[in-house]
Amino acid sequence: MRPTRPFRPLILAIAMALPLLSSPSLLAEESSIFSQMATAQPVWAKHGMVASQETLASRTGVEILKQGGNAVDAAVAVAFSLAVTLPRAGNIGGGGFMLVHIAKENKTIAIDYREMAPSKAKKDIFLDENGDAVEKLSREHGLAVGVPGTVMGMSLALEKYGTMTLAQVTAPAIKMAQEGISVTPDLAQSLAGLKRRMSQWPTTAAIFYKADGSDFQVDDILKQPELAHSLSLIAEKGTKGFYEGETATKLINAVKDAGGIMTLDDLKNYKVVEREPVRGEYRGYEVVSMPPPSSGGVHIIEMLNVLQQFPIDKLGHNTAQTIHLMAETMKHAYSDRSEYLGDPDFYKVPVKALTSKDYAQKIASQIAMNKTTPSAEIKPGKLAPYESDQTTHFSVVDKWGNAVSNTYTLNFSYGSGLVAKGTGILLNNEMDDFSAKPGVPNGYGLVGGDANAVEGNKRPLSSMSPTIVMKDGKPFLVTGSPGGSRIITTTLQIIMNVIDHGLNIAEASNAARVHHQWLPDELRVESSLNRDTISLLEAKGHKVKVQSAMGSTQSIMVTEQGIFGASDPRHSGSEAIGY
């Protein structure tokens, strides 16, 4: 393994010369300097780091760290802030996964706050009288809404592993919602692009478009007073301020008016589950990731186990041979995903078998070095649905060595598009992540089976993959990404770029990405991949499709020289900030 290059002298010199002051103006100036470097060089910090997909949220997290909060305090503050500043993915009406590493106890906990199906949900809920899946029912309808988990998940994390109160960590979000935020180019573009789906709901149009129906322009002020009120109830009453009382009643009324079946009891009975993370070993590093109902952790480890059989470092970064081996490995993993992954509380997922070294060797032996194997010839191994691009991830590391890797979502951009009247809360359409019908691809091409069939109180399968890589028992790399089915392969490539190819975290984040998900049988690549490399891949039999950029990784690397962070340049507005 080549040594990683976490920094170069210039950035370290500049960073050490910056005053470590808490003034917002100085912090903004400091952030601006760091941001300009982030596309080529990682951000350096001595004490702590936050990397998220939205600048104001990252700054909020850093301010919490400066006030003496730990990584969990900062993470929860970031999560609530993103509900205001990145409404297409940040949320309190959705759900997700959080990995928390507690340095003092040297333990890592997986917090599953994934949405759950309403208790009355059943297997054929999205089928018409002919037995065909009806897309609108699982995407833009009251039936599409799963019981939200974010508020309960954040509350549990804060109560058990944080040091601050809900009132303290929600205060910045409440202020931004009440006083308003300046509309960024990214926010203006996303709202304009999804106007058809959003505007079908009057309660949504009233918030995210002007009174005359026109779009918000860059630098306009977007105020969300109803959301501020909902957040204030959470700050005052804790989870009861969301899952019971005024807010709960408004949420259920909105879902029912839209044709849904969720009840007040569904909200009141929602539970967060703490799970044991999945763990694997890759070239001397321990990889810790999210267990089912995430498919991400299992398949990242499965793929790393396979790729460990090959001299990836010698084959080179993003060469045709390396990408060929990655693509063939990805096909096997996604084939297994279609058969074996689901909610472990309802279906026995063969995690040990899928992540075993013996199984990886069997897959590796089936990979031909110079030609591709058609997906039709790859079946799930014989052993004893999907988020849109608008999921979001953030990573936090504090001065004590605690770390948080969190990915959460509304599923589609802005979820179902429905804001519950009087709450300012966007509701998810997470029920689309179930398999509406075994063998039928969902809206993003992923195929599922009975393991991920709709069932009351069940959590849908997810690709979200918050991950922490450990070195000598301590967090070394904290990472994750949005990107739907591409979350898994994007996170895989960040790990490989650092460990196999010795890239610093900014280089690892910027590098061209590839993706294969078994079906459809095509190798998706970003436009920055070398044309000669594409030709060599095509010569091996790959059906290469050059498509849009993949993922928005938010990563932090901890080294002896300091903490280094990088926000993905693929999406504007992201920022890694340290102090």
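The values are calculated or read from the model by the stated rules, or taken from the named source; none is laboratory data. Because the structure is predicted, anything quoted here is derived from the model rather than measured. So basically every Cβ, Gly included, is an ideal-geometry build from the backbone, and we count neighbours across all protein chains shown. Areas reflect the complete protein model, heavy atoms only, side chains present, ligands, DNA and RNA absent. Shrake-Rupley method; radii C 1.70, N 1.55, O 1.52, S 1.80 Å.
Using a 10 Å cut-off on Cβ atoms, rank the peptides 399-408, 528-537, 347-356, 554-563 from the highest mean neighbour count down. Don't skip to the end; give the middle numbers.
Numbers: 399-408: 25.8, 528-537: 15.0, 347-356: 17.7, 554-563: 22.4.
Final packing ranking: 399-408, 554-563, 347-356, 528-537.
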What is the sum of charges around Lys371, taking Lys and Arg as +1, Asp and Glu as -1, for the other residues whose C-beta is under 11 Å from the C-beta of Lys371?
0
Pull out a ≥ b ≥ c, the square roots of the eigenvalues of the alpha-carbon gyration tensor of the stretch 51-91, then state rounded if a/c is under 1.5, prolate if not and a/b is larger than b/c, and oblate in the remaining case.
prolate
Local charge sum around Gly68 (other residues, Cβ-Cβ under 15 Å, Lys/Arg +1, Asp/Glu -1)?
-1
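Residues of the stretch 203-355: accessible area per residue at 1.4 Å, in Å²? If you can, show how the numbers build up before the last one.
On the way: 5790 Å² over 153 residues.
Accessible area per residue: 38 Å².
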quick note, the chain, DSSP beta bridge pairs, % antiparallel (nearest 5) is 90
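At 222 nm, what helix-only mean residue ellipticity would the chain give, in deg cm²/dmol to the nearest 500, using -39500 (n - 2.57) for each DSSP H run of four or more? Mind dumping the intermediate values first?
Numbers: 22 runs with 217 residues, N = 579.
Helix contribution divided over all residues of the chain: -11000 deg cm²/dmol.
Could you give the semi-axes, largest first, of the ellipsoid that matches the stretch 69-131, computed as the square roots of 5 times the alpha carbon gyration tensor eigenvalues and rounded to whole Å?
Values: eigenvalues 229, 63, 11 Å².
Listed largest to smallest, the semi-axes of the stretch 69-131 are 34, 18, 8 Å.
Assuming a ≥ b ≥ c are the square roots of the Cα gyration tensor eigenvalues, decide whether the stretch 187-285 counts as rounded (a/c under 1.5), prolate (otherwise, with a/b larger than b/c) or oblate.
Values: a/c = 2.01, a/b = 1.29, b/c = 1.56.
Oblate, since a/c reaches 1.5 and b/c is not below a/b.
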Which whole-number percent gives the relative contact order of the stretch 160-295, counting Cα pairs below 8 Å spaced six or more residues apart?
22
Computed curve, the stretch 314-403, Cα-only Debye sum without solvent term, log₁₀ I(q)/I(0) at 0.11, 0.12, 0.23 Å⁻¹, is -0.49, -0.58, -1.14
Can you give me the C-alpha center-to-center distance between the stretch 194-267 and the stretch 128-145, rounded to a whole angstrom?
22
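Tell me, what does the Kirkwood hydrodynamic radius of the chain come to in angstroms if you use every pair of distinct C-alpha atoms?
Values: mean 1/r = 0.0426 Å⁻¹.
Its Kirkwood hydrodynamic radius stands at 23.5 Å.
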What is the count of Lys pairs in the stretch 219-276 whose alpha carbons sit under 19 Å apart, if the two are 8 or more places apart or on different chains?
8
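Around Val544, with a cut-off of 15 angstrom between Cβ atoms, what is the net charge of the other residues, counting Lys and Arg +1 and Asp and Glu -1?
Working: positive: Lys331, Lys371, Arg513, Arg524, Arg531, Lys540, Lys543, Lys545; negative: Glu328, Asp521, Glu522, Glu526, Asp532, Glu538.
Computed value for this residue: +2.
With the cut-off at 1.5 for a/c, could you classify the stretch 436-579 from its C-alpha gyration tensor as rounded, prolate or oblate?
Taking the square roots of the gyration eigenvalues as a ≥ b ≥ c, the stretch 436-579 is oblate.
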